[in-house]
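The values are calculated or read from the model by the stated rules, or taken from the named source; none is laboratory data. Keep in mind the model is a prediction, meaning the values are calculated, not measured. Ideal geometry is used to build each Cβ from the backbone, glycine not excepted, and the neighbour counts take in all protein chains shown. All accessible areas refer to the heavy atoms of the entire protein, side chains included, with ligands and DNA or RNA removed. Shrake-Rupley method; radii C 1.70, N 1.55, O 1.52, S 1.80 Å.
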Amino acid sequence: MSSAPAPDLPGRLLRREQLVVGASIALLVGLSWTFLIRGAGMGPMQPPVIALLAMWWLMMTAMMLPSAAPAILLYARVRHMRNGDSGIAPSWVFLAGYLALWLLFSVAAVTAQRLLTGSSMALDSKSAEAAVLIAAGVYQLSPLKGACLRQCRAPAQFMTRQWRPGWKGTFRLGLLHGVYCVGCCWLLMALLFVGGIMNLLCVVAIAVLVAIEKLAPRGEWVGHATGLALIFWGALRLLG
């Protein structure tokens, strides 16, 4: 009599872990979008600095986590495959490192907002708007942008090169992945000063562009086309 096949316990555990990680990402993104939508209805009032920081961080979480999900899920898979290694930290440590970097970016964004817009939620100078548009367009075409984007588009190679053992190594891995994401997208985020920081249409458009650049086949070509369009738009604003 042939024995029944053994249950695929490792595969089920992997799927369960990936499901938990994916659900956590979806929950964070959903909560962030909920707070952003509710905040958009508050009008042009300038919130306190702490609330402004929380708004920026939630906005970055909502915009960036969807495109970072493949890297986070890949880490969960690697952790499962090396389950016997006690030096592999949980997936949330990688996620915490990633979000910590965007918190630092949010501090810089709040500082820039206070300096550039004062009590407003957008730039009020046509020349300043044109400068941001042209700068963002030029950066889209720059070698630095391309280098950061290549790291974001190839999470397996990134993890192979940057892997370090232990919780500290995992937090560093998430932090470094965040560095490349910021390097890839920081001037795109500056477009919020043009379109309006709480303009949900602008937020969604940038989030979709970031996801296409990182995840779609030939996404870098879309980034280059966007760069040319931004330069043209900025020139029109400057001359108009």
### Query
Taking only the alpha-carbon atoms of the stretch 86-187, what semi-axes of the equivalent ellipsoid follow from 5 times the gyration tensor eigenvalues under a square root, in whole Å, largest first?
33, 18, 7
### Task
Averaging sequence separations of C-alpha pairs under 8 Å and six or more residues apart, then dividing by the length of the stretch 161-228, give the relative contact order as a whole percent.
14 percent
### Message
If I stretch the segment between Leu215 and Ser127 completely, what's the gain in nm (0.36 nm per residue apart, minus their alpha carbon distance), one decimal?
### Response
28.3 nm
### Message
If I histogram all Cα-Cα distances within the stretch 129-174 using bins 5 Å wide from 0, what percent of pairs lands in each bin?
### Response
5, 19, 17, 16, 13, 11, 9, 7, 2, 0
#### Entry: Kirkwood hydrodynamic radius (C-alpha pairs) into Stokes-Einstein, the stretch 119-240, 10 °C and 1.306 mPa s, D in µm²/s
103 µm²/s
### Summary
Expressed per residue, the solvent accessible area of the stretch 102-225 in Å² (1.4 Å probe) is about 46 Å²
### Query
What nm value, rounded to one decimal, do you get for the distance between Gln157 and Trp92 when each label is placed 7 Å out toward the C-beta?
3.3 nm
### Message
Within the stretch 87-220, what whole-number % of the accessible surface is contributed by carbon and sulfur, with the 1.4 Å probe and all protein chains included in the calculation?
### Response
71 percent
